[in-house]
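Heads up, the thing below is written out as structure tokens.
Each reported figure results from applying straightforward, stated rules to the coordinates on display, with no laboratory input. The model shown is predicted, which means the values in this text are computed figures rather than measured ones. Here Cβ is always computed from backbone atoms with ideal geometry, including for glycine, and neighbour counts include all displayed protein chains.
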């Protein structure tokens, strides 16, 4: 049976700055140029003040596990070898939340509030994905 590759996200014009930064090993989120609220993913309008003015800012890549789900079923053949794996919601120190994966820890050891830091997995020449790994508290 031939190996099936994982799907890669499309690099849309709206998210292009995020993916360009990820290829450089930097995590960036969108920030409202008027009220300063940070958000992810990119949106045309700030949900706080409805401004259309935005910029991309580099963030620390540190945060904590807000929520998680352990996947035991194969929903796409490209992920079959990784089951079980965790899909996590990470709350970044700068405020926004991001869905990703947690690596370097067994799924049954994940806990809400666990401190994490970003690492990047290069998928292809256009896409590197932020993943997270546990970090020491503090």
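Averaging sequence separations of C-alpha pairs under 8 Å and six or more residues apart, then dividing by the length of segment 16-134, give the relative contact order as a whole percent.
That works out to 25 percent.
Which of the peptides 107-118, 49-60 is most tightly packed, and how do the rest follow, going by the mean number of other Cβ atoms within 10 Å of each residue? Don't skip to the answer; put the middle values down first.
Numbers: 107-118: 15.2, 49-60: 13.5.
In decreasing order of mean packing, 107-118, 49-60 become 107-118, 49-60.
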Computed [θ] at 222 nm, helices only, for the chain once each DSSP H run of length n ≥ 4 contributes -39500 (n - 2.57):
-1500 deg cm²/dmol
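Need one number: the % of Cα-Cα pairs in segment 86-138 sitting beyond the 17 Å mark.
34
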Can you sort 65, 74 by how many other beta carbons sit within 10 Å, fewest first?
74, 65
In whole Å, how far is the Cα centre of segment 92-138 from that of segment 23-68?
17
